[in-house]
DNA sequence: CCGCTGATATTCT
DNA sequence: GAATATCAGCGGG
């Protein structure tokens, strides 16, 4: 995808960019993913964001220009990754929570030998594991670097619900996913399920 | 399918 | 020192 066009889309408001990433292709180290679930983080206005308390060595990349990868290490053993969005200085980003492996299936299976195909990239840390994304990829340029992002046509429909695993701001429905897709992570229920009307 | 629990080290207070 | 944008393995239904 044209680097200028990618930067143009990613520089928009994070709540518009996040659903735009659904259906996009993420490519690294021989595996390609179709993204099915993401979460928006809005920087300094957002208690749930790593950048809420300002600039630190870890969050430096979030404050930089859009179109780069923000990777972080958590729970003592897992790496997760985000797409940095918005204008430089805003520290907004979109966490990549899940996807479907559409190419490089054998490689992804080798990296996650105990997972079913459905679970290969179902969850933010699993996603990085399947794609072999580590802290070494922090700051990578998604238009021209080894980790590449290619936007597709916007999905025709998506659903939203509360973000997963947060203490600070669980009330914001900033998680976006492709309705009915089996690769969407189900660690915590999405929106409270409404009983079908009788 | 569901819920519970231990593992583990970086990050910031 | 405490908390953590998680996951795999286990046991029960």
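In plain terms, the chain from residue A:119 to residue A:167 could stretch by 14.7 nm, reckoned as 0.36 nm per residue minus the Cα-Cα distance.
Using the Cβ-Cβ distance between residue A:58 and residue A:150 with R0 = 30 Å, the FRET efficiency computed as 1/(1 + (r/R0)^6) comes to roughly 0.65.
Here the contact order of segment A:1-93, divided by its residue count and restricted to Cα pairs under 8 Å and six or more residues apart, works out to 28 percent. Applying 0.36 nm per residue to the separation of residue A:77 and residue A:29 and subtracting their alpha-carbon distance, the gain on full extension is 15.2 nm.
According to the Cα-based calculation, Rg over Rh for chain A is 0.95, with Rh computed by the Kirkwood formula. Look at the alpha carbon pairs under 8 Å that are at least 6 residues apart: their mean separation over the length of chain A gives a relative contact order of 27 percent. For segment A:1-115, the convex hull drawn through the C-alpha positions has a volume of 114 cubic angstrom per residue. Sorted on the mean count of surrounding Cβ atoms within 10 Å across their residues, most packed first, peptides A:83-91, A:173-181 read A:83-91, A:173-181.
For segment A:30-44, the residues whose backbone nitrogen is under 20 Å from a point 7 Å from the Cα of residue A:87, taken along Cα to Cβ, are A:41-44. Here segment A:11-29 and segment A:116-169 have alpha carbon centers that stand 9 Å from each other. When each of A:72, A:41 is scored by the number of other beta-carbon atoms lying within 10 Å, the sequence from fewest to most is A:72, A:41.
The numbers here are math on the coordinates, done by the rules we state, and not lab data. This structure is a prediction, so every number in the text was calculated from the model and none was measured. Quick reminder, even Gly has a Cβ in these numbers, built from the backbone with ideal geometry, and neighbours come from all protein chains shown.
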